[in-house]
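Written below as structure tokens is the structure these notes are about.
Please treat every number below as a calculation from the coordinates, not as lab data. Please read these numbers as outputs of a predicted model, since none were measured by experiment. We place every Cβ from the backbone using ideal geometry, glycine too, and count neighbours over all the protein chains shown.
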Amino acid sequence: MVTSAETGYRNTWLWNIGFSAYWFSTHYKWFILLSLVLPAQVARIVPGGEKNSAWGTVYAIGAVWGAVGPALFGAWSDRFDSKFGHRQPFIVAGALVTVLAIAFMIGANSIPLLVIGYLLLQLGEDIGQGPYAAMMPEIVPPENSGKASAVMNLLQSAARLISGLVYLLINKAGAALMWSPTTVMSVVYGVVALVQVLGAGTTVYTVRHVRRRKPVDNSDKKAFLVRWLAPWKSADFRWVWITRFMSTFAFSTVSTYFLFYLTDMFPKLVLFGNDLKDPHVAVIVIVLAMSLLGIVGAWWSGMIADRVGRKKLILMSGIAMSSVLVPFALARDFTFLFVLVVPFGVAFGIYVSADWALAMDVLPDKDDAGTQMGVWSMSSTSVQIFAGLAGPLIDFGNRISFGWGYMGMIWSAGVVFLVSTLLIRKIKGSF
């Protein structure tokens, strides 16, 4: 069992925020790119009724590498060492590759170029994500994992909130200065790159003194595949992986196509008497509300998670989210849709706050944390393959009858959310 004295962990909100800064920058990047920038970029390249299919293709292809990348780089960091630490160089390298990918994607004017840029972006994510995920069980004592997990997911909600506000400010400045859409997009991309570098730098600085508690065991020559398969022998790990995959899939299928859903299904975007007009603005308003409410849920969860337990919080919040998605699919009034976001946002903040703590509770071998947390990270990255495949299905359903594709997507997400929540009870090694 790790202790604070051994790892340098500090049970303060400030230390946990510094440690979670990389997580903040990661979610800032993915929210603003996946929800706003990339769908709009795809729609300009492929206008018309096939935009869901085109965007889904880009999303799915880009995730193929993400299905193995986190575990591969996590395993490498398990056997790596340097005077700067064994995880820290990967976090820095991942941020730098992300910057390179963003520079490439700014000029992408075709689907093949966008796919190449997205693959490079995913590579940067995977280089840092597997090693970063492994730092949590290495550094944080078990009795503090609930709070640490909640802080990470509080910053996840804050990242969505701030990225939405920044997007609005950049667009407003662009309108005032008469920037072209390409210039606006370039500035948005540039800020994403800056946030990624700052987030990685803050986390690396926070853990600058953290080093291996044990020397590298170079006598262990087990192949990567053997180490990759090892955590799957644990029933608890399998259930944690499966339930996280399902819940992430449910959320991704809705969020990935949400901009197109609002564009096609809401002829008017009126919120409490105010016409928002632009679907991009409507998406940001929804996400800002959900992020603020998610922060409330994450903060409350952080206060009680280590006492109440992760499973109870997940069961309560998961049932609440799945029930909200039923009327969500039927809503055609934007104000009503916004009201439904209130319970969903709070519940989502509670739900994701138990995410990391649950994985740490059941991790089979913390000495091989890089590989095993990389495998765990795949439960969210591999989701993109299947969420991407939903795009053609949505277009197919919409061709049968207008809106059926979107409604089927949302209702399916609700069912998957509910089933994944109930399956949490299968996990025995957490409470």
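Compared with the dominant Cα axis of the chain, that is its longest principal axis, helix 88-106 is turned about 20°. Calculated from the structure at hand, Cα extents along the principal axes in Å is found among (1) 105, 67, 43; (2) 64, 48, 43; (3) 62, 43, 38 as (3).
Projecting the Cα atoms of 185, 379, 251 onto the dipole axis of the chain, where Lys and Arg carry +1 and Asp and Glu carry -1 at the beta carbon, places 379 farthest toward the positive end. Summary value for the chain: 30 percent relative contact order, contacts being C-alpha pairs under 8 angstrom separated by 6+ residues.
Subtracting the Cα-Cα distance of residue 268 and residue 238 from 0.36 nm times their residue separation leaves 6.3 nm of extension gain.
Distance between the modelled labels on residue 304 and residue 400, one decimal in nanometres: 4.2 nm (7 Å Cα→Cβ projection). Fewest-first ordering of 300, 13 by other beta carbons within 10 Å of each residue's beta carbon gives 13, 300.
Residues 55, 65, ranked from the fewest to the most other C-beta atoms within 10 Å, line up as 65, 55. What is the spin-label model distance, in nm, from residue 389 to residue 169 if the labels are put 7 Å beyond Cα along the C-beta direction? A separation of 4.1 nm, rounded to one decimal place. The slack in the chain from residue 411 to residue 12, taken as 0.36 nm per residue of separation less the alpha-carbon distance, amounts to 139.6 nm. Relative to the longest principal axis of the Cα atoms of the chain, the long axis of helix 334-353 makes an angle of roughly 10 degrees.
When only the Cβ of Lys, Arg, Asp and Glu is charged (+1, +1, -1, -1), the dipole of the chain relative to its Cα centre reaches about 520 debye.
Please give the FRET efficiency for residue 64 paired with residue 113, using the beta carbon to beta carbon distance and R0 = 22 Å, rounded to the nearest 0.05. FRET efficiency, residue 64 to residue 113: 0.80. A Förster distance of 35 Å, applied to the separation of the beta-carbon atoms of residue 205 and residue 365, puts the FRET efficiency at 0.75. Shown for 125, 143, 138: other C-beta atoms within 10 Å of each C-beta, ranked fewest to most, produce the order 143, 138, 125.
Roughly speaking, what is the centre-to-centre gap between region 150-201 and region 378-423 when only Cα atoms are used, to the nearest Å? After rounding, the separation between the Cα centres reads 27 Å.
Considering helices alone, the calculated mean residue ellipticity of the chain at 222 nm is -25500 deg cm²/dmol, with DSSP H runs of length four and up weighted by -39500 (n - 2.57) and normalised per residue.
Between residue 315 and residue 277, what length in nm is gained on full extension when 0.36 nm per residue of separation is reduced by their alpha carbon distance?
Extra length from residue 315 to residue 277 when fully extended: 10.0 nm.
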